[in-house]
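Asker: My structure is below; once you've seen it, I'll send some questions.
Only the coordinates and a few stated rules stand behind these numbers; no lab work does. Bear in mind that the values here come from a model prediction, so they are computed numbers and not experimental data. Cβ atoms come from the backbone with ideal geometry, glycine included; neighbour counts cover every protein chain shown.
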Amino acid sequence: MTAGQGFELPTPDAADREKSLALIDALVERMTDGPVPFSDYMATVLYHPRYGYYGSGQVAFGPGGDFVTAPERSAFFTDGIAYEWRQAQAAEPGEEILEIGAGSGRLAIDLLTRLAEDDRLPARYTILEIAPALAERQAANLREALPPALFERLRWIDDWAVLDWHGGMVIANEVLDAMPVERFRWVPGRPETAERLMVGFDGARFRWERAEPQPALRASIEAIAARIGTPIVPPQGAVLAELNPQLDAWFAEMQRALAGHSSWIYLFDYGSHTADIYRADRDEGTLKCHYRHLAHEDPFVYPGLQDITAWVDFEAVAQAAGHAGFAVDGERSQAQWLMGTDVPQQVEQRLLAATDMAAQTRLAQEFRELVMPTEMGERFRVMRLRFDGRG
């Protein structure tokens, strides 16, 4: 459980150490036949129903937790989504909202409150949450924050198969970056050099082990090479990289669940385009771990107690969505997206209405955090998909 890379992380308490050690035992038991793919390791440490970071509800959102998402930074983010909902309603795709992975429930609280003020409430607000512990936490937060009439519009599901969708808006905020990834080493743009990174155990800690890529992984790596063209080969040779092997299956499952009803889908996440993600100077890839607001690159530290994410390749997302019958209706930075809504006007109005300098400073800072390039403005991107219900 030690970091072992020259950095210091806070020490977990006794209960967390016991939980993490139990997860390590479960992982080691799965390795009796040899190393496992990193995607399997990542899925287990994040989503194990009893010991996983998300599955057990270990994740802590907000300023006092491990990381802060856009809805928790400022209600201006949710105001942008409210603007999109009004545009969607004018186009009449449907009257429901589906949020995939609702985190702490902050976005749902602010969005339902804002839409009630606008008299634009959805007929139903569904939260798809695969972690029971998080669903319970969300329900408690929403029940406390919302009046009964708004809370009654909510429901929780844990599987696409029971969605019973009638069309509307789908929101996925920081969902794709937490999907398990494959990790590999290659000379950028040369698929023949690729080695798959597996996870083994040396008796004391987990370690990387190299293997030949399976055909499906090799095909995905070849597709990456085709998208980036001719890269600049780094002087150090091979570098680390990641890819999401679940995109095609995820969009196919979404398509089946939404079939028969038109929908607008909004994907918010941090990432970039293929050539940028697989730049030669990204020799450690894009994998990031977060523990109590400290970021590092070691996914083997404190299994089950820390978040693990990887940058989203929005070109790969667009291809997978297209294969499933979704039309890409635009993709831009979070700053560009927000500036194209009515949020700047709302910021101006609230600044003018603020009664003191402290309130003005807080509002201005919230907006800056969402749009400045050094904050979330450029690293986070927004993609809108449209689905006509036919696929």
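Asker: Would you compute, for the Cα atoms of the stretch 124-173, the largest minus smallest coordinate along each principal axis and list the three values in descending order, in whole Å?
Answerer: For the stretch 124-173, the Cα spread along each principal axis is 28, 24, 20 Å.
Asker: Let me ask something else about it. With no solvent and one equal point scatterer per Cα, compute the Debye intensity ratio I(q)/I(0) for the stretch 69-124 at 0.13, 0.18, 0.24, 0.25 Å⁻¹ and report its log10, rounded to two decimals.
Answerer: Calculated log10 I(q)/I(0) at the listed q: -0.30, -0.57, -0.99, -1.07.
Asker: Something else now. Between residue 372 and residue 296, what FRET efficiency follows from the Cβ-Cβ distance if R0 is 22 Å, with the result rounded to 0.05?
Answerer: E(calc), rounded to 0.05, equals 0.35.
Asker: What is the spin-label model distance, in nm, from residue 327 to residue 130 if the labels are put 7 Å beyond Cα along the C-beta direction?
Answerer: 3.0 nm
Asker: Sticking with this one: Relative to the first principal axis of the alpha-carbon coordinates of the chain, what is the inclination of helix 357-371, with its axis defined by its Cα atoms, in degrees from 0 to 90 and to the nearest 10?
Answerer: Helix 357-371 and the main axis of the chain meet at about 50 degrees.
Asker: I would also like to ask the following. Quick one: Debye curve from the alpha-carbon atoms of the stretch 239-379 only, equal weights, vacuum; give me log10 I(q)/I(0) at q = 0.09, 0.10, 0.11 Å⁻¹ to two decimals.
Answerer: Log-scaled intensity ratios, in q order: -0.42, -0.51, -0.61.
Asker: Counting only Cα atoms, I'd like the Rg/Rh figure for the stretch 179-235, Kirkwood definition for Rh. Intermediate values should be presented prior to the final figure.
Answerer: Working: Rg = 13.1 Å, Rh = 12.5 Å.
Computed over Cα atoms, the ratio is 1.05.
Asker: Can you tell which of 300, 201, 184 shows the greatest fluctuation in a Gaussian network model of the chain with Cα springs below 10 Å?
Answerer: Of 300, 201, 184, the Gaussian network model singles out 201 as fluctuating most.
Asker: Between residue 87 and residue 256, what FRET efficiency comes out of the Förster formula 1/(1 + (r/R0)^6) with R0 = 25 Å and r the beta carbon distance, rounded to 0.05?
Answerer: It comes out at approximately 0.45.
Asker: What is the Cα radius of gyration of the stretch 219-275 over 2.2 N^0.38 Å, N being its residue count?
Answerer: Scaled against compact globular proteins, the figure is 1.57.
Asker: Give me the one-decimal nm value for the distance between modelled label points at residue 192 and residue 22, 7 Å along each residue's Cα-to-Cβ direction.
Answerer: That separation, rounded to one decimal, is 5.1 nm.
Asker: Further question on the same structure: What range in the chain is the longest one free of GluC sites (Glu not before Pro) that are in a loop by DSSP and have at most 15 other Cβ atoms within 10 angstrom?
Answerer: Counting only loop sites that pass the neighbour cut-off, the longest clear stretch is 153-296.
Asker: Of all beta bridges DSSP finds with both residues in the stretch 260-344, what is the antiparallel percent, to the nearest 5?
Answerer: DSSP beta bridges in the stretch 260-344 are roughly 75 percent antiparallel.
Asker: Taking the dipole about the Cα centre of the stretch 110-248, with the C-beta of Lys and Arg at +1 and of Asp and Glu at -1, give me whichever of 198, 171, 237 is farthest to the positive side.
Answerer: Looking along the dipole axis, the top candidate is 237.
Asker: So who's got an amide H within less than 5 Å of the one on residue 329, skipping anything under 5 residues away but keeping other chains? H placed 1.01 Å off N, in plane.
Answerer: Amide H neighbours of residue 329, under 5 Å, 5+ apart: 384, 385, 386.
Asker: So, one more: Hey, how many Å between the Cα centroid of the stretch 116-187 and the Cα centroid of the stretch 251-280?
Answerer: Each part reduced to its Cα centre gives a spacing of 16 Å.
Asker: List every residue whose amide H lies under 5 Å from the amide H of residue 239, counting only residues 5 or more places away in sequence or on a different chain, with H placed 1.01 Å from N in the peptide plane.
Answerer: HN-HN under 5 Å from residue 239: 186, 187.
Asker: So, one more: Over the chain, what is the relative contact order in percent, taking alpha-carbon pairs closer than 8 angstrom and at least six residues apart?
Answerer: Once divided by the residue count of the chain, the mean separation gives 20 percent.
Asker: Considering the Cα trace of the stretch 9-141, what is its radius of gyration and what is Dmax, both in angstroms?
Answerer: Spelled out, the Cα radius of gyration and Dmax of the stretch 9-141 are 18.8, 58 Å.
Asker: Right, something else. Please state the charge dipole magnitude for the chain, taken about the Cα centre, from unit charges on C-beta atoms (+1 on K and R, -1 on D and E), reported in debye and rounded to the nearest 20.
Answerer: 180 debye
Asker: Right, next: For residue 149 and residue 233 in the same chain, what is the full-extension length gain: residue separation times 0.36 nm, less their Cα-Cα distance, in nm?
Answerer: Length difference between fully extended and current span is 24.3 nm.
Asker: Test of understanding: in a Gaussian network model of the chain with alpha carbons linked when under 10 Å, which of 149, 70, 249 would top the mean-square fluctuation ranking?
Answerer: 149
Asker: Residues in the stretch 191-207, backbone N under 17 Å from the label point at residue 222 (7 Å along the Cα-to-beta-carbon vector): list them, ranges by number please.
Answerer: Answer for the stretch 191-207: 191-196.
Asker: A follow-up question, please. Quick one: Debye curve from the alpha-carbon atoms of the stretch 148-205 only, equal weights, vacuum; give me log10 I(q)/I(0) at q = 0.13, 0.18, 0.21, 0.22 Å⁻¹ to two decimals.
Answerer: -0.71, -0.89, -1.04, -1.09
Asker: Can you list the residues, at least 5 places off or on another chain, whose amide H is less than 5 Å from the amide H of residue 99, using H built in the peptide plane?
Answerer: Those qualifying (amide H under 5 Å, at least 5 residues apart or on another chain) are 126, 127, 128, 171.
Asker: Two decimals, Cα atoms only, Kirkwood Rh: what is Rg/Rh over the stretch 170-269?
Answerer: 1.07
Asker: If you put +1 on each Lys and Arg Cβ and -1 on each Asp and Glu Cβ, how big is the dipole of the stretch 189-263 around its Cα centre, in Debye rounded to 20?
Answerer: About 80 debye.
Asker: Same structure again: DSSP beta bridges in the chain, what fraction antiparallel, as a percent rounded to 5?
Answerer: Taking every DSSP beta bridge within the chain, about 60 percent pair in antiparallel fashion.
Asker: Using a basic spin-label model with each label point 7 Å from the Cα along Cα→Cβ, how many nm lie between residue 284 and residue 210?
Answerer: Rounded to a tenth, the inter-label distance reads 2.0 nm.
Asker: Looking only at 278, 83, 54, which one moves most when the chain is put into a Gaussian network model with springs between Cα atoms under 10 Å?
Answerer: Between 278, 83, 54, it is 83 that shows the largest mean-square fluctuation.
Asker: Another question, then. Would you kindly derive the ³J(HN,Hα) couplings of the stretch 303-309 from the backbone phi angles with the Karplus curve 6.51 cos²θ - 1.76 cosθ + 1.60 (θ = phi - 60°), listing them in order in whole Hz, with x for Gly and Pro?
Answerer: x, x, 10, 10, 7, 10, 9
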